[in-house]
Protein chains: 2
Amino acid sequence: MRRKLFAATVMLMLAAASAAALHKRNRSLPQSEAKTIPERLGYPRDAKLLIVHADDLGVAHSVNRASIKALETGLVSSASIMIPCPWLPEIVAYARTHPEADLGLHLTLTSEWSSSRWGPVLGKERVPSLLDSSGYLYPSEREAAAHMDIPQAEAEIRAQIARAKALGIQPTHLDSHMGTLYQSKALFEMLVRVASENKLPFRLSQEWFTRSPFMRSQLGPGDVVLDRIISIEPTVAPEDWSRFYTEEIKNLRAGVTSMIVHLAFADEEMKGLTFGHPNWGAEWRQRDFDFVTSDAFRKLLKENNIKLITWREIGKLVGKTEH
Amino acid sequence: MRRKLFAATVMLMLAAASAAALHKRNRSLPQSEAKTIPERLGYPRDAKLLIVHADDLGVAHSVNRASIKALETGLVSSASIMIPCPWLPEIVAYARTHPEADLGLHLTLTSEWSSSRWGPVLGKERVPSLLDSSGYLYPSEREAAAHMDIPQAEAEIRAQIARAKALGIQPTHLDSHMGTLYQSKALFEMLVRVASENKLPFRLSQEWFTRSPFMRSQLGPGDVVLDRIISIEPTVAPEDWSRFYTEEIKNLRAGVTSMIVHLAFADEEMKGLTFGHPNWGAEWRQRDFDFVTSDAFRKLLKENNIKLITWREIGKLVGKTEH
């Protein structure tokens, strides 16, 4: 009897060790080699799927107007909202009347402009490590990451998600304003954990693993990683805007790509907000708006057999490991 | 020796009682009958002094642009800032580079629009009685006054003043956004006390004593009360705007009057902010801007021998009882 019990215990231990090893392997290989995301979503293996995504909703009326207008053309398929920002109520009203809109949260730990700034959702007394000397969130992702106490950042991120839900927004995904939550292993681990608890997909691309090798080890088997992210950079001259996006679209590979755009009109509000910052400034955002709402873009997508999808679709795969 | 001491004590007591009676009389008559404010400021007794005052700085870029432009014409002599609002940093930068500008604080306990809203300076956990169900300050002065815990409101007001000073603003006066601090005796008492501690004058007009008899009894001998306030109301039709102000200027009486204006441009930002609210809306503020920056207004002031003054001048009288 004792011998049998011993043997059973050993077998159980071996089984547990084997399961742990399997789990570990899965953690380092979150995307199955067997099935691609398009296949898991019911598309052909070589489908070219694209999420055209507008960032920064809630920052300004100009951003809201341009982003809503672009969403309604059908050529922008998704967007994310900055909960601490002043024009949040306008987006909340839109989200409530447009439950089909694919709206996520652009988790916010920075406040980068100089004329208009914002603080955290939590009281300043609760999250002092997130604030610069003027009492607003730090202007850059590097300063924010360097000063923040991780539990305070996590409390703030959770408060932003809770506030969104309390206001009637059911976010379809998470991402991070200015990439702050991708600045360190500890921050990224927190993003993955909070996203997982909320059963939400989050912005992450296979390409990023080269730049930030720590990322892969943080993932679980139920996390979904996009294949590629297209994001225009300040190295592209204004006159090359359309050419840059056109080339990217023409060369789009099979899999899921997200094209990140920043939409607004180059009006007085936006010029005032981004004064002195041509990068991601008013004219930049007007150029992005002009391109993604153009007939040329619509035609390009059609000619290149590109299917627009949403984060809501990606979300269906979260937590699922069957391939 | 004891008799002499007794007599001296009685005399001291009588003197003290007499001083107390005098103080009491002064408290009920804070403005001396003997000297008018113009005289106390060194102007003739019949001088017509006017503070042209722009409210709501910090609310929006449109408000800031219009108000700064109007201040720089010299036809608007004073303005007040809303510390909890998103475009505060733009006004802070202006205040720092224009120390001569007459800028006070428009103490803020309400957030009245629907597309863009703001919360308190203090953490929401500290001042829950100031917040509506969506976590912003109440939209109306009546709701705010009805729900607020007075010590929480006082803490918030003090935090707004402290934040202004920490950011480098030396306020010349205090007033109250949407008149919230004039809604009850308890709120008004708090305004008077906080203003007195900060040695600042605050918006108050002799005319208001009729409407709110509780006000007079709250004042001390060092408080300064303006003679009249001009403020356009929704009863004036848009086409009568200029006529209304012109008549007010032509009929201006001797003493100190403050003309309260709300300046902005009727641009996309302001139309979005005030959407659905023609009263104090984008067009209203454009009309105010057009009038106070017009040559007609400049000519009217000159023809009617009206001298523009600032709250900084009024501030010199605060705490002084010698007439």
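The values are calculated or read from the model by the stated rules, or taken from the named source; none is laboratory data. Quick caveat, the model's predicted, so the values are computed rather than measured. FYI the Cβ positions are ideal-geometry reconstructions off the backbone, even for glycines, and counts take in every protein chain you see. Calculation scope for accessible area: heavy atoms of the full protein, side chains included, ligands and nucleic acids excluded. Shrake-Rupley method; radii C 1.70, N 1.55, O 1.52, S 1.80 Å.
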Of the residues in segment B:113-132, how many are touching a residue at least 60 places away in the same chain (Cβ under 8 Å) and under 14 Å from B:Gly58 (Cβ atoms)? 2
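Residues checked against (1) farther than 27 Å from B:Trp87 by Cβ; (2) open to solvent by less than 40 Å² (accessible area, probe 1.4 Å):
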| residue | (1), (2) |
| --- | --- |
| A:Trp118 | no, yes |
| A:Ser134 | no, yes |
| A:Tyr138 | no, yes |
| A:Arg142 | no, no |
| A:Met148 | no, yes |
| A:Ala159 | no, yes |
| A:Thr172 | yes, yes |
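Output yes when any residue across segment A:191-204 is of a type in the set (Lys, Arg) and touching a strand residue (DSSP E or B) at 6+ places or on another chain (Cβ under 6 Å), and no when none is. Break it down into steps so the answer makes sense when it comes.
Here is the first cut: in segment A:191-204, the ones of a type in the set (Lys, Arg) are A:193, A:199, A:203.
Those left that are additionally touching a strand residue (DSSP E or B) at 6+ places or on another chain (Cβ under 6 Å): A:203.
Scanning segment A:191-204, I find at least one residue that is of a type in the set (Lys, Arg) and touching a strand residue (DSSP E or B) at 6+ places or on another chain (Cβ under 6 Å), so the answer is yes.
Could you please find all residues in segment A:294-323 being outside any helix (DSSP H, G or I) and among the small types (Gly, Ala, Ser)?
Within segment A:294-323, the first condition is being outside any helix (DSSP H, G or I), and the residues that meet it are A:294, A:304-310, A:316-323.
Hits for segment A:294-323 are A:Ser294, A:Gly319.
Considering only segment A:261-271, state which residues are touching a residue at least 60 places away in the same chain (Cβ under 8 Å) and open to solvent by 10 Å² or more (accessible area, probe 1.4 Å). Step through it out loud before you land on a result.
Looking only at segment A:261-271, we keep the residues that are touching a residue at least 60 places away in the same chain (Cβ under 8 Å), and these are A:261-265, A:267, A:269-270.
Correct list: A:His262, A:Phe265, A:Asp267.
Restricting segment A:33-70 to residues that are of a type outside the set (Gly, Ala, Ser), free of Cβ contacts under 8 Å to residues at least 40 places away in the same chain and open to solvent by 10 Å² or more (accessible area, probe 1.4 Å), which is nearest to the other protein chains (Cβ to nearest Cβ)?
Going through segment A:33-70, the residues of a type outside the set (Gly, Ala, Ser) turn out to be A:33, A:35-41, A:43-46, A:48-53, A:55-57, A:59, A:61, A:63-65, A:68-69.
Now restrict to residues that are free of Cβ contacts under 8 Å to residues at least 40 places away in the same chain: A:33, A:39, A:44, A:64, A:68.
Going one step further and asking which of them are open to solvent by 10 Å² or more (accessible area, probe 1.4 Å), we end up with A:33, A:39, A:44, A:68.
Working: A:Glu33: 47, A:Glu39: 43, A:Pro44: 43, A:Ile68: 11 Å.
In this case the residue turns out to be A:Ile68.
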Would you tally the residues in segment B:72-112 being under 23 Å from B:Met259 (Cα atoms), among the β-branched types (Val, Ile, Thr) and either out of contact with any Lys or Arg (no Cβ under 9 Å at 6 or more places or on another chain) or open to solvent by less than 30 Å² (accessible area, probe 1.4 Å) (or both)? 6
Output for segment B:250-276, where each listed residue is in a loop (DSSP other than H, G, I, E, B) and within 14 Å of another protein chain (Cβ to nearest Cβ): B:Ala264, B:Phe265, B:Ala266, B:Asp267, B:Thr274, B:Phe275, B:Gly276
Provide a single number: the residues in segment B:64-105 that are under 25 Å from B:Ser294 (Cα atoms) and within 17 Å of the chain's Cα centre (by Cα). 12
Quick one: A:Gly74 ticks every box in (1) in contact (Cβ under 8 Å) with a residue 24 or more places away in the chain; (2) more than 12 Å from chain B (Cβ to nearest Cβ); (3) on the phi < 0 side of the Ramachandran plot bar one, so which box is it? (3)
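So which residues in segment B:277-293 are open to solvent by 30 Å² or more (accessible area, probe 1.4 Å) and either outside any helix (DSSP H, G or I) or within 14 Å of chain A (Cβ to nearest Cβ) (or both)?
If the condition is that a residue be open to solvent by 30 Å² or more (accessible area, probe 1.4 Å) and either outside any helix (DSSP H, G or I) or within 14 Å of chain A (Cβ to nearest Cβ) (or both), then B:His277, B:Pro278, B:Asn279, B:Trp280, B:Gln286, B:Thr293 are the ones that fit.
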Among the residues of segment A:161-170, write down those that are open to solvent by 40 Å² or more (accessible area, probe 1.4 Å) and of a type outside the set (Gly, Ala, Ser). A:Lys165, A:Gln170
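Does B:Ser78 fit the bill of being polar (S, T, N, Q) and modelled with pLDDT of 95 or more?
Working: polar (S, T, N, Q): yes; modelled with pLDDT of 95 or more: yes.
In short, yes.
Would you call B:Pro171 over 17 Å from the mean Cα position of the chain (by Cα) and at pLDDT 95 or above? Can you show your working first?
Numbers: over 17 Å from the mean Cα position of the chain (by Cα): no; at pLDDT 95 or above: yes.
Answer is no for this residue.
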For A:Asp295, state whether it is acidic (Asp, Glu), closer than 16 Å to A:Thr73 by Cα and either modelled with pLDDT under 95 or in contact with a strand residue (DSSP E or B) (Cβ under 9 Å, 6 or more places away or on another chain) (or both). no
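Only residues that are closer than 22 Å to B:Leu191 by Cα and in contact with a helix residue (DSSP H, G or I) (Cβ under 6 Å, 6 or more places away or on another chain): list them for segment B:105-129, please. Working first, answer last.
Going through segment B:105-129, the residues closer than 22 Å to B:Leu191 by Cα turn out to be B:105-112, B:118-124, B:126-129.
Those that are closer than 22 Å to B:Leu191 by Cα and in contact with a helix residue (DSSP H, G or I) (Cβ under 6 Å, 6 or more places away or on another chain): B:Leu105, B:His106, B:Leu107, B:Thr108, B:Leu109, B:Thr110, B:Pro120, B:Val121, B:Leu122, B:Val127, B:Ser129.
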Among B:Ser140, B:Ser115, B:Ser134, B:Ser80, which is the only one that is more than 30 Å from B:Glu313 (Cα to Cα) and in contact with a Gly (Cβ under 7 Å, 6 or more places away or on another chain)? B:Ser115
Just the residues that are surrounded by 14 or more Cβ atoms within 10 Å (Cβ to Cβ) and under 22 Å from A:Gly42 (Cα atoms), please, taken from segment A:294-303. A:Leu301
